[in-house]
Each structure stands twice: as C-alpha cells, then as structure tokens.
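Reading through the structure tokens given below for one structure.
The values are calculated or read from the model by the stated rules, or taken from the named source; none is laboratory data. Computed from a predicted model, the values in this text were never measured in an experiment. Positions of Cβ are generated from backbone atoms using ideal geometry, with glycine treated the same way; all protein chains shown enter the neighbour counts.
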Amino acid sequence: MYLFTLPFFNMFLAMMAIVAVIVFVSLYYVDAGYGISYDGKWGMSVNNKLGWVMMESPVFFVMTACWWFSERTYELVPFLFFLFLQIHYFQRSFIFPFLLRGKSRMPILIVIMGVIFNTLNGLMQGGWIFYVSPDGLYDIAWLTKPQFIAGVFLFGAGMVVNLHSDYIVRHLRKPGDTRHYLPKGGMFNYVTSANYLGELMEWVGFAIMTWSWAGAVFALWTFANLAPRANTIHRKYRSMFPEMSGLHLKRIIPFIY
C-alpha cells in the first residue's frame with residue numbers, strides 16, 4: 001500500500017501535525033458542540049451513546065486490520081503496542097458510551113469529524129507499528145529500554161486517571177437530576193478536566209513507549225483537541241460555580257495550565 005511507504009508516510013505525518021495546529025487554534029474560537037457545550041446550531045444530531053460508538057470505534061477496527069494483514073502479526077513488541085491502544089479504544093468505543101447517563105445528543109457533524117480523524121489515526125499508528133517502522137526496531141530488547149518502561153508507566157497512570165475521573169463525572173447526578181455540578185476528588189482537585197488530563201497522559205505515554213513520530217503526532221492531536229475544550233469547560237465552570245474563584249484549579253495540566 002502506497003500510504004505505508006516511508007516518503008508518503010512522512011508527508012502524511014507532517015500534514016496531520018499541521019492540521020492539528022490549525023484545529024488547536026480554531027477550537028479557542030469555536031466550541032465543539034457536544035457534552036456541556038451541546039448546541040442545536042450544529043444541525044442534526046444522534047443519541048450521545050450511538051455518537052460515541054460511531055466516533056471512537058474506527059480506530060479499533062482499522063488497527064485490527066493493520067495488525068491482522070501485516071507480516072508482524074506475531075511479533076511481541078508491536079503486538080503489545082497494539083494491545084495498549086486496543087484496550088483504550090475497546091473501553092472508549094464499546095463500554096464508556098453505555099455507562100453514560102441521561103439522554104444527551106451529539107451533532108452528526110461532530111461524529112463525522114471524529115470518524116475521519118480516528119480512521120486516519122488508526123492508519124497512522126497501525127501503519128507505523130506494523131508496516132513503516134524499520135525491521136528489527138521493536139525487537140525483544142525494546143522491552144528493557146527506558147522509554148518503553150517510562151511510557152508504559154505514564155500510559156497506565158493516565159488510564160487510571162481517565163477511568164476514575166469518568167466515574168466521578170458519571171456519579172455527580174442522581175437519577176432524574178439535570179443540574180450541573182463541579183466535579184471534585186481525584187485529579188479534579190487540581191484541574192477542571194481531569195478526564196482529559198488522563199487521556200493526554202495516556203497518549204504522551206504511548207508516544208514515549210513507541211518512541212515514534214506517529215505517536216508524537218497523536219499526542220499533539222490529543223492536546224490540540226482537549227486543551228481548548230478544557231479551557232471552554234473551565235470558563236463555563238467559573239461562570240456557573242462561584243466557589244471556583246477560591247480553588248485555583250488549572251484546566252488540564254496541574255499547576256501549569
């Protein structure tokens with residue numbers, strides 16, 4: 001496949017990085033219309049649960065195809081990278097949506113944009129791990145390298161933060177309650193978007209464990225998408241909850257931003 005030749009793949013990564021920067025800047029001026037920022041002006045919408053499944057699952061299926069049809073299907077280290085990514089996206093695609101409470105909506109346009117990005121990201125990560133990375137790079141000795149060990153630790157810590165923060169958010173309301181509450185506990189004691197912090201930690205960890213430009217571009221995309229979103233949530237919380245003024249909470253990175 002021409003996409004998985006090194007020159008084309010490097011151009012693909014460069015384009016993805018450029019678009020990530022554009023998205024980062026744009027999202028400081030345009031609220032992504034889902035969740036707390038849901039707005040009917042985004043047009044037609046679908047059930048929030050269905051939207052999440054449709055939006056997140058392409059990575060899972062694209063990565064599965066990349067793994068299955070590669071010549072590295074049975075190589076241990078690439079398989080471990082694959083497993084880390086698939087565990088996250090299985091939870092995000094097929095478990096997380098059905099834990100959501102309420103009857104929120106998600107604009108179809110947001111779903112479509114998510115499908116496009118997640119398909120491209122699946123090709124980006126699967127392409128690097130199973131096709132483009134040099135033969136022998138990810139041999140068994142990779143498991144003892146500092147970047148792999150540090151990346152696994154950061155990824156695991158990020159997943160714990162992400163899942164715990166989602167749990168806190170899900171249990172802010174009692175059945176039938178539609179009010180908004182300020183999340184507290186865990187990393188919400190430091191940032192207003194602790195779930196985003198956890199996800200950012202995961203993909204920075206993934207970039208470190210794979211020590212790849214593909215992983216780094218994914219981490220850049222994660223920050224470009226979530227940091228402006230965290231800023232929007234922080235701003236909304238400040239207007240909704242007077243106690244915010246005395247808490248000195250950051251947005252997504254403790255003590256920094």
I need a count of the residues in the range 229-255 that are farther than 10 Å from Y190 by Cβ and either part of a helix (DSSP H, G or I) or without any contact (Cβ under 8 Å) to a residue 40 or more places away in the chain (or both).
17
Every residue in the range 54-79 that is of a type in the set (A, V, I, L, M, F, W, C) and crowded, with 18+ Cβ neighbours inside 10 Å, please.
M54, M55, V59, F60, V62, M63, C66, W67, V77
Would you confirm, using the coordinates I've provided, whether P134 is assigned to a loop (DSSP other than H, G, I, E, B) and either surrounded by fewer than 14 Cβ atoms within 10 Å (Cβ to Cβ) or in contact (Cβ under 8 Å) with a residue 60 or more places away in the chain (or both)?
yes
When the range 214-228 is checked residue by residue, the ones that are farther than 13 Å from A20 by Cα and without any contact (Cβ under 8 Å) to a residue 24 or more places away in the chain are none
Selection from the range 53-101 of residues outside any helix (DSSP H, G or I) and not hydrophobic (A, V, I, L, M, F, W, C) yields S70, E71, R72, T73, Y74, E75, R101
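Only one residue in Y196, Y181 is hydroxyl-bearing (S, T, Y) and either modelled with pLDDT under 95 or not in a helix (DSSP H, G or I) (or both). Which one?
Unique residue meeting the criteria: Y181.
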